[in-house]
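The structure appears below as structure tokens.
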Amino acid sequence: MKNFFRQISCLFMLALAVACGNADDDVNFNLNQNELGKGEEVDDCLNFGENDLILNIQEKYTTLPGKVSILFKVSDTDGNPVPGLTANKFTIYEQGRNDDCFNTISSSESFARISPNTQIFSNNTILVLDLSNSVLQGSLEELKSASTSFVNNVMPATPTDSFKMAIYWFDGEDELHLLNELTSSATELTTAIEGITADISNDPSTDLYGAVIKSTNIAENVLKQNTSSSVIGAASVVLFTDGTDQASRYKEADAIKKVEDANPNISFFSIGLGAEIDTQVLQSIGKTASVVAANASELEATFNQISARVSEQANSFYLFEYCTPKRDGSGTSNLVIRVIDGSLQGAVQTEFSANGFTGGCE
């Protein structure tokens, strides 16, 4: 039987091109694209038809005496996350070596459930605020209110290590200033925001492109730290600005390329304020979603739009677990998970080994 921690360690060694019994291209951490990750297309014998929903498997493992666990992300065919699915919307199909096609496994008899994924998945948000002179003098209080609302909307009511956020700010300096380090405490974050004052910066310029490059580096480093801790990580960079780059320290093309070439497990969101915004650049920076507030009074509503998207991304990852009837000696069995959500359906196929399985299950 595969041991969970050994499986996770092997997975990340693969990502580092260290041999672990499979080819490197068997591992796919592409969370934001319409791909199947570690899964496969479903066998034609099930006649499910075209997928409206994409189930992207990130990890799978087994636990004695007979539990199968699969971590996956659900999105629609446009790549939009699908959060809030419950266990009763999933159906399990198994195919043993003596089966011509797949047999349906009763969800109730197999104790199928959506379980907390805190041990193997970490979602991290990097909030980046433009605190150049124009913001500090014209819309600081509105920005603080909007940022506080953003934190409260994104962070879970009960703190958990699988949801963390850090806040940075920038002006014209060649530095991305840390306001609050990565934490699971919404209270800590909102206290840091409340402490922002109009004299926090003495540089009136705006190093927008530098902020984009540096925040992307921070997000990628966070994911590397997750990997070293045998945790699958995803990150969101949320950047607010009220203008264009004035410092001219970094090139626009380099900042946009940094976003385009970033780890695919990072989502990028941008929020603009006012008439000076270059919407095309803002959309390139916020390749996942980008919004603009016409004036300071619209900031909170605009931040709320993005907070909803960030939360959807985080909550579209599911750890689905069930107790299989397959037993030791069954060899490798094929597994299909299908989800039906209203008129939409999707399915993915994978396999597992029942080696060592006996009766009973957690």
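The values are calculated or read from the model by the stated rules, or taken from the named source; none is laboratory data. Predicted, not measured: the structure shown is a model, and the values here were computed from it. Don't worry about glycine lacking a Cβ; one is built from the backbone with ideal geometry, like all the others, and counts go over all protein chains shown. Heads up: the accessible areas ignore ligands, DNA and RNA and are worked out on the full protein's heavy atoms, side chains in. Shrake-Rupley method; radii C 1.70, N 1.55, O 1.52, S 1.80 Å.
Based on this model, can you work out whether ALA296 counts as touching a Ser or Thr at 6+ places or on another chain (Cβ under 6 Å) and not acidic (Asp, Glu)?
yes
Return the pair list, or none, for Cβ contacts closer than 8 Å from residues in segment 204-221 that are within 12 Å of LEU239 (Cβ to Cβ) to residues that are basic (Lys, Arg) and part of a helix (DSSP H, G or I), at least 6 apart or on different chains.
Going by the 8 Å Cβ cut-off, the qualifying pairs are VAL212/LYS258; ILE213/LYS258; THR216/LYS258.
So which of PHE150, PHE163 ends up being modelled with pLDDT of 95 or more and aromatic (Phe, Trp, Tyr)?
Sole residue among the options that is modelled with pLDDT of 95 or more and aromatic (Phe, Trp, Tyr): PHE150.
Output the strands (runs of 3 or more DSSP E) that fall wholly within segment 65-115 and possess 1 or more residues being acidic (Asp, Glu) and over 14 Å from VAL336 (Cα atoms), or say none.
So the answer is 67-76.
What is the one condition in (1) at pLDDT 90 or above; (2) within 30 Å of LYS214 (Cα to Cα) that ILE120 does not satisfy?
Of everything listed in (1) at pLDDT 90 or above; (2) within 30 Å of LYS214 (Cα to Cα), ILE120 misses just condition (1).
For segment 71-118, give me the residue count where each residue is among the charged types (D, E, K, R) and in contact with a helix residue (DSSP H, G or I) (Cβ under 6 Å, 6 or more places away or on another chain).
1
Kindly evaluate LEU335 against the criterion of being within 19 Å of GLY96 (Cα to Cα), in contact with a strand residue (DSSP E or B) (Cβ under 9 Å, 6 or more places away or on another chain) and of a type in the set (A, V, I, L, M).
yes
If I ask for residues that are farther than 12 Å from ASP245 by Cβ and among the acidic types (Asp, Glu), which ones from segment 266-291 would you list?
Result: no residue meets the conditions.
Within segment 75-92, can one find any residue that is crowded, with 21+ Cβ neighbours inside 10 Å and not hydrophobic (A, V, I, L, M, F, W, C)?
Checked segment 75-92: at least one residue is crowded, with 21+ Cβ neighbours inside 10 Å and not hydrophobic (A, V, I, L, M, F, W, C).
Hey, among GLU312, GLU321, which residue is within 19 Å of ASN153 (Cβ to Cβ) and of a type in the set (Asp, Glu)?
Checking each option against the conditions leaves just GLU312.
Out of (1) crowded, with 16+ Cβ neighbours inside 10 Å; (2) within 22 Å of the chain's Cα centre (by Cα), the odd one out for LEU131 is which?
Among (1) crowded, with 16+ Cβ neighbours inside 10 Å; (2) within 22 Å of the chain's Cα centre (by Cα), the lone unmet condition for LEU131 is (2).
Might you check whether a residue that is open to solvent by less than 60 Å² (accessible area, probe 1.4 Å) and touching a Gly at 6+ places or on another chain (Cβ under 6 Å) occurs anywhere in segment 150-165?
No, the conditions are met nowhere in segment 150-165.
How many of the residues making up segment 45-60 are open to solvent by less than 20 Å² (accessible area, probe 1.4 Å) and modelled with pLDDT under 90?
Qualifying residue count, segment 45-60: 2.
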